[in-house]
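What follows is a short report on a single structure.
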Amino acid sequence: MDYRSTRRPRTRRHKSFSFDARRLLTYSTLLKYLFLAFLVCIVVLIGMFIWYSRDLPTPGKLVTSKYKDATRIYDRNNVLLYSVYQDENRTYVGLPVIPKQLQEATIATEDKTFYTDTGFSAIGMLRALKNMALGGSLQSGSTITQQLVKNVLLTNQQTLARKIKEIILSIQVDQKYSKDQILEMYLNNIPYGGTAIGVEAGAELYFNKNVQDLDLAQSAFLAGLPQSPTLYSPFSGTKYYLNRTQEVLHAMVTNNYISQSDATKAYNEISAYHFSQNNTHIKAPYFVMYVRQQLVDKFGEQMVSSGGLQVTTSLDYTIQQKAEDIVKTEIAGLKDYDVGNGAAIVTDPKTGEILAFVGGKDYFGDSTPSGCTPGKNCTFEPDVDAALSARQPGSSLKPVIYSVAFEHGYTPATAVMDVQTNFKATGSDPDYIPVNYSGKFNGLIQLRFALGNSLNIPAVKTLARVGIQPVMQQAYNMGISNWQPTPENLASVGLSLVLGGRETTLLDETTAYGVFANEGIRQDPVSILKVTDGGGNVLYQNQPTQGPRVLPADVSYLIYSILSDNNARTMDFGPNSWLVVPGHTVAVKTGTTDNKRDNWTIGYTPNYVVGVWVGNDDNEVMNQAISSGETGASPIWEKIMAAILKGKPDQEEQKPSDITAEQIDAFAGGLPQGGQPIRSEFFINGTQPTSVSPIYQSKDGKNYLVLREDDPVSTDGQNRWQQGIDAWIAQNHGSDDMYHPPDDVIRQATGDHSVDTPAQGTPTPTPGH
């Protein structure tokens, strides 16, 4: 017993000692290998630094500028539109001249440890290596010294070799120069947008003053620009510079350079400041800024600012000049109509290429009225790109609604009742009683004339029958990006959608009309054709491809046949409106919003789409005398389209083989009836009328007109559409027995249903789903 009790502990001690020894041996071996690996890494790093140091530029070159290769933007015919450093305004100023607040704003924003670091950020380098390991770029947070080095001494390549060189040079620069010298060189060599290199040029460009005269608000604005001068430019058509300035001011507060009250006061000042760019060396300025932002998105700000890119765009400067002159002249002539601004776009529908892009009446002009506050009460702001601004389209997108109807079996001969109608669903709902632009109601009318004259009641009825979701989907497919039929978007619109109830942009509208012009094929906007670097290497080449078919060619042709039919719109527009281009067949549509806040005209041929908008940048109403087809957008549209087509032969859209022309009853749209007038109409094969319209009924030798419509909107058992028809008949044909058929005649006309098929051209069409 005693032997066993003493032996077991010894056995345990012996086993424990053996285990600890092996573990110590393992740890010792691991440490040895780790130490060897560490030595190898040190040797490799030293070798890499020696290797990459062999051909580094001299840090002393920092005192000279490398800005000699300008990024140049050309039109399609090699006309120079913009040279980033064409007239480089770079005046070197000493650090004592630069306001202390601008220095502090720059340090707080770009490198808050500038005066204590050794020229590079170890954390930034680790982040860059992590990004590379994860398959991303080598971009990372850089110190002011690193930014100076890569901006003046190195290329913009995102490679490991370039990053190592950047670190080596940053260390050398940090040793060679004092921190104040580095900050001074940085502030004199960084791009601040456009032709401005350095803070002196930046102060002159944005504030028309010397840098030494900048206050806190202006210093904070300028300090925020280097991260992305194009994005934060006040001339880009956006207000992103406000958030960026706020970020700079917050960083200054955090680093105890200023108080919160100082920051608030400075932000309010920059918010109310009116920026005015007087640079006559930019041709097609709104287009150039649009292209410049696309280049920044594709290649990065640094490459665009100093990479010597040579950019060929889609713009035709000859057309651009004409469009600019016409817009500026016509808007000036609309002063008495309270019109502050206008925009125009011309595209090639077969390629999507933008041929002209006028984002406002005068890029270099002043905001109006004098003393207005930008973003609040300016009817014109030069830094707002109206071609890209979301506005209410009015009736200008009605052709999209009718294109959906034609896909569902309706025809241009389908008849509807144009009468005052309440479109509410239940008695407790608010009334929705739209009126036509002319204020008149026309009774029975066919869709060709309803669309041609832009009648509102037939359009709302058509939308109610085909459905909001299919219409929004069709518009989205055609290029109206804001009409995607998401649950949220669908919940925010109603039947007023057809009258402009959801915003869009002029660029999106020209894209959508390009579908009609291109026989149902969408070509997305193209602005850049080719980009090469300073050595002639192609960085980007647009490859023309056929876009998706989003509309059947036969449906597209029906829309074209209506919009190009001057007779179809004569009832409301007259035979000699601004919608007629003498000698040319042109399809065109207008649009005006409630209270005349927006006025549009969009038209096309097989080779050109021209879109025009006029209104006020602050969305203020225009003079109520503005009239589509007579004033506003339509004269601008006609003059641009006429200028483009001058000397060119007339071209019409090709008629698809499944489109046929048939003789129909000019009144009701069915087969010819007795002595009724007839006319010719286009039909997609299979939708032609096969009988006389059922509205014609007889009994006991008397002839009657049966005008009936079902109401797909009301959900409380009422037929408000028929109530509107009955009221119209009572007002206009109260004593005419022909409009008051007996009940059995009504049943005879409608059978067991209150609607008939749309192909028959009746006033009660049913969507053919």
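The value of relative contact order for segment 372-496, using C-alpha pairs under 8 Å at least six residues apart, is 23 percent. Rounded to the nearest 20, the Cβ-based charge dipole of segment 333-475 about its Cα centre (Lys and Arg +1, Asp and Glu -1) stands at 600 debye.
Each label was represented as a point 7 Å from its Cα along the Cα-to-Cβ direction; for K298 and L36 these points are 5.3 nm apart. Once the Cα-Cα distance is subtracted from the 0.36 nm per residue extended length, the Y115 to E247 segment shows a gain of 45.4 nm. Modelled spin labels at S276 and K376, positioned 7 Å past Cα toward Cβ, are 1.9 nm from each other.
Pairs spanning more than 31 Å between alpha-carbon atoms, out of K350/K596; K265/K361; K361/K440; K150/K322; K361/K646: K350/K596; K265/K361; K361/K440; K150/K322.
Dipole magnitude for segment 485-611: computed about the Cα centre from +1 point charges on Lys and Arg Cβ and -1 point charges on Asp and Glu Cβ, it is near 140 debye. Listed by chain and number, the aspartates and glutamates whose alpha-carbon sits under 13 Å from that of K165, ignoring those within fewer than 8 places in the same chain, are D55. Across the protein chains, with a 1.4 Å probe defining accessible surface, the residues D743, D716 rank D743, D716 from largest area downward.
Spin-label model, T264/D215: points 7 Å from Cα along the beta carbon direction are separated by 1.7 nm.
Partners of K702 within straight-line reach, counting aspartates and glutamates whose Cα lies under 18 Å from its Cα and excluding those fewer than 8 residues away in the same chain: D736, D737, D743, D744. You can think of it this way: the chain between A727 and S698 has 8.2 nm of extra reach, that is 0.36 nm per residue less the Cα-Cα gap. Taking the convex hull of the alpha carbon positions in segment 373-478 and averaging its projected area over all directions gives 9.5 nm². Once the Cβ-Cβ distance of R747 and T570 is raised to the sixth power relative to R0 = 41 Å, the FRET efficiency obtained is 0.60. Between Q181 and T29, residue separation times 0.36 nm minus the direct Cα-Cα distance comes to 49.7 nm.
The values are calculated or read from the model by the stated rules, or taken from the named source; none is laboratory data. Just so it is clear, the model here is predicted, and its values are computed rather than measured. Reconstructed Cβ throughout: ideal geometry from the backbone, glycine too, with neighbour counts over all protein chains shown. The accessibility values were calculated without ligands, DNA or RNA, using every heavy atom of the protein model including side chains. Shrake-Rupley method; radii C 1.70, N 1.55, O 1.52, S 1.80 Å.
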